[in-house]
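The values are calculated or read from the model by the stated rules, or taken from the named source; none is laboratory data. Keep in mind that this is a model prediction, so the values were computed, not measured. Neighbour counts are summed over all protein chains in view; Cβ atoms, including those assigned to glycine, are modelled from backbone coordinates with ideal geometry. The accessibility values were calculated without ligands, DNA or RNA, using every heavy atom of the protein model including side chains. Shrake-Rupley method; radii C 1.70, N 1.55, O 1.52, S 1.80 Å.
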Amino acid sequence: MLDVVVLFFLFGLLAGLVRSELKLPPALYDTLSLFLLLAIGLKGGVGLAQQSLQPLLPQLALVILLGMLQTLAGFAVLRLKMNRVDAAATAAHYGSVSVATFAVGVNWLTERGISFESQLSIFLAVMEIPAILVGIVLAQGVSRQTRWRRLAHETFLGKGVTLLLGGMAIGYLAGPDGIAPLKPLFVDLFKGALALFLLEMGLIVARQCQDLRRHGLFLLGFALLMPLASAGLGLVIGQLMGLSLGGLTLLATLAASASYIAVPATMRIAVPQANPGLSLSAVLGVTFPFNIMLGIPLYHSWARHFTE
């Protein structure tokens, strides 16, 4: 049986496909994004307050390597049919991560009482960055024309990374007791906010499906197979870290996800000649719905084999 938050996504998708007049106010969509990012960051920060930070350093190095490998592998495949710039930009989307997919994964595990390591929230923030930098180098190399200052600001201080890191810092400094008064807002209402967010995502995906048809079977196949390969790589990296079943599932989900917020915004600055329709139609039209409806349970079943 599908999770209720996924049913909200399907409702939005159907409403969009039949061209319903249903729309969420843009301000509400932005508010829900802010809420989910802060809630995830706070939960991760509270978990980190209860453990030593030193063992995280080699794990962070591994997730950075994971993001770089995914971007390079995606670029190698996409270059078979795309020009260098579009292949690099699209590969960067798939080397990065999706906050919404991560939130659905967290909810899926929580509903089943499966625990996972708190540092996964840090991995979410860190994995935004290496794919962007590798994608830019693949697209245009390093030159005097590269606006590194503006690019660094957009990459490291973008809304998503700032909210995640800020939430984690607050959760870490306040600890479980300090965050307890906020539980009714950031814990009890998390699933409701996620449901509304996915309703809007369904409407967005319905619009991208039309663009996907124009880009052919190659892009469709890549958008389906790349998440599977990335999830497998994520499981291997997660096993090297010694993650639990829930941690393995969530890292595989992160690896399989693809960015549709941070990377497009940064690529618009660094590689303006890239066609954003190619990457967004693949990410939103295929990869995102596949991951939240079929991918997460599949990655969990794979993770169980890794822990047996």
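Structure notes:
- Region 157-174 and region 197-217: distance between their alpha carbon centers, rounded to Å: 30
- One entry in [x] 19.9; [y] 19.4; [z] 20.8 is Kirkwood radius over Cα pairs in Å calculated from the shown coordinates; its label is [y].
- Remark: for residue pairs Lys23/Lys81; Lys43/Lys159; Lys23/Lys183, the C-alpha separation exceeds 24 Å in Lys23/Lys81; Lys23/Lys183.
- Using Cβ point charges alone (K and R +1, D and E -1), the dipole size of the chain about the Cα centre works out to roughly 880 debye.
- Semi-axes of the equivalent ellipsoid for region 168-212, computed as √(5λ) from the eigenvalues of its C-alpha gyration tensor and ordered from largest down, come to 35, 12, 4 Å.
- Part-to-part distance (alpha-carbon centres) for region 1-54 and region 80-149, which is given in Å: 18
- Global form of region 156-253, assessed from the alpha-carbon gyration tensor, a/c cut-off 1.5: oblate
- Once the 1.4 Å probe is applied to the protein heavy atoms, the chain comes out at 44 Å² accessible per residue.
- Filtered trypsin sites (Lys or Arg not before Pro), region 204-308: DSSP coil and at most 14 other beta carbons within 10 Å: Arg214
- Calculated mean residue ellipticity at 222 nm for the chain: -24000 deg cm²/dmol, from DSSP H runs with n ≥ 4 weighted as -39500 (n - 2.57), summed, divided by the residue count and rounded to 500.
- Dividing the mean sequence gap of close Cα pairs (under 8 Å, 6+ apart) by how many residues the chain holds gives a relative contact order of 33 percent.
- Expressed as a whole percent, the accessible surface of the chain that belongs to carbon and sulfur atoms is 66, based on a 1.4 Å probe.
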